[in-house]
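Scroll down for the structure; my scribbles are underneath it.
The values are calculated or read from the model by the stated rules, or taken from the named source; none is laboratory data. What you see is a predicted model; the values in this text were computed from it and never measured. With ideal geometry, Cβ positions are generated from the backbone for all residues, glycine too; neighbour counts draw on all protein chains shown.
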Amino acid sequence: MSKDYYQILGVDKNASAEEIKKAFRKKAHEHHPDKGNGTDEKFKEVNEAYQVLGNSDKKRRYDQFGSSDFSGFGNGGGQPGGGFNWSDFARQQGGQYQNSNFDFSDLGDIFGDFFGSARAGGSRSSARSNKGADLEVNVSITLEEDYFGVDKNFTLNKDVVCAHCHGNGAEPDSKINTCKTCNGQGQVYANQQTFFGAFRTVVVCPDCAGEGKIPERKCSRCNGRGIVKDQENLVIHIPAGINDGQTLKLSGKGNIGLKGAGAGDLFVNIRVLPHAEFVRQGDDLQLRQTIPFTSAVLGEKININTFEGEVKLKIPAGTSSGQEFSIKGKGLPHLNKKGQGNLLVKVSVAVPKHLSSSQKDLLERLKREGL
Ligand SMILES: [Zn+2]
Ligand SMILES: [Zn+2]
């Protein structure tokens, strides 16, 4: 059934683009469902009319073929010899792929902000529907592994290309036919119901997943999907200095997409395990070091453990408990740049609990000396 879009908008067949636009705005306001006398049905009709007449290419086709029945495209619409180039039409529709082929900006003053959100949400989901899913793994590393950086081996259970059909979904010796649902275009129309009416959207053909081709016999291993679950061994390099709770993103290492669509990403959540001696503070490491009270009083060079062996630290005479000394460049490496944090040594002065009688005598003497 063909509708007279000129009549719906109330314009002459020779109306200019500007006049058509004007007429549409007037009618859209008039029939807007939120208006007292507006009706859904009329409003949809006006939109539909403008979708065709407001687009010079579609208007030309409409004028030429006198039909509004573009929706026949999906179901046997591709009649040969009709003079209508369906593939051009489909490409054109696909090219401006959005919520619909409708120019929302023309309605901006009617719907205000509504369009912003309607446009932003949901429009990409179908375009991406074939993309492989993202994967996520959790990795725990020790602080020492964090200090040097580490390679971790993983076995991921993920979607990979089917080796039997090399991803095309056809049994190796099977014939491949043109998809009847989309007539080989890989796309079909779907009506999208929104609160302001139905809009037509171009979506990936559900029968051929956008391939436009369907094998006579589906691949016996993947049942035509072109992908199978398999285990993949992966080595992930975890860079030195990474923080607890940080996530690495490995682009394209997620599930493979359907029939050549892009792979998802792999997200690696890093957990840095607490260390028995060192406490992390940014890129600095903090260490508590107990020293004998004589070292604190007289001063001494002591050995300090680091991830790269022992280093000497000079404790000056007269050091108090709780005093902190910084050993430069012995903290964690800065992530992805040169340099390292410092090792902060906090000193605890040990007070002896058990003394021999000679030690006690000596201390008594010190006491008499006024210490
Ligand atoms: Zn297969
Ligand atoms: Zn198809």
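So the values come out like this:
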read-out	value
Verdict on Val228 being out of contact with any Gly (no Cβ under 8 Å at 6 or more places or on another chain), under 27 Å from Lys180 (Cβ atoms) and assigned to a strand (DSSP E or B)	yes
Any hit, the range 214-222, residues being basic (Lys, Arg) and within 16 Å of ligand 2 (Cβ to nearest atom)	yes
Filter result (crowded, with 17+ Cβ neighbours inside 10 Å and farther than 29 Å from Glu41 by Cα) within the range 185-211	Gln185, Gly186, Cys208, Ala209, Gly210, Glu211
Subset tally (residues that are surrounded by 20 or more Cβ atoms within 10 Å (Cβ to Cβ) and either away from ligand 2 (no atom under 16 Å from the Cβ) or small (Gly, Ala, Ser) (or both)) for the range 160-184	5
Scan of the range 314-339 for residues that are surrounded by 10 or more Cβ atoms within 10 Å (Cβ to Cβ) and in contact (Cβ under 8 Å) with a residue 60 or more places away in the chain, ordered by number	Leu332, Pro333, His334, Leu335
Subset tally (residues that are modelled with pLDDT of 95 or more, on the phi > 0 side of the Ramachandran plot and of a type in the set (S, T, N, Q)) for the range 335-350	0
Considering residues of the range 196-229 that are touching a residue at least 60 places away in the same chain (Cβ under 8 Å) and over 27 Å from the mean Cα position of the chain (by Cα) only, the residue nearest to ligand 1 (Cβ to nearest atom)	Arg200
In the range 214-237, the residues that are more than 30 Å from Val150 (Cβ to Cβ) and surrounded by fewer than 17 Cβ atoms within 10 Å (Cβ to Cβ)	Glu216, Arg217, Ser220, Arg221, Asn223
Enumeration of residues in the range 193-213 that are assigned to a strand (DSSP E or B), within 12 Å of ligand 2 (Cβ to nearest atom) and not β-branched (Val, Ile, Thr)	Lys213
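Matching residues to (1) in a loop (DSSP other than H, G, I, E, B); (2) at pLDDT 85 or above:
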residue: Ile8; (1), (2): no, yes
residue: Lys22; (1), (2): no, yes
residue: Asp34; (1), (2): yes, no
residue: Glu41; (1), (2): no, no
residue: Asp57; (1), (2): no, no
residue: Asp63; (1), (2): no, no
residue: Ser87; (1), (2): no, no
residue: Ala90; (1), (2): no, no
residue: Asn99; (1), (2): yes, no
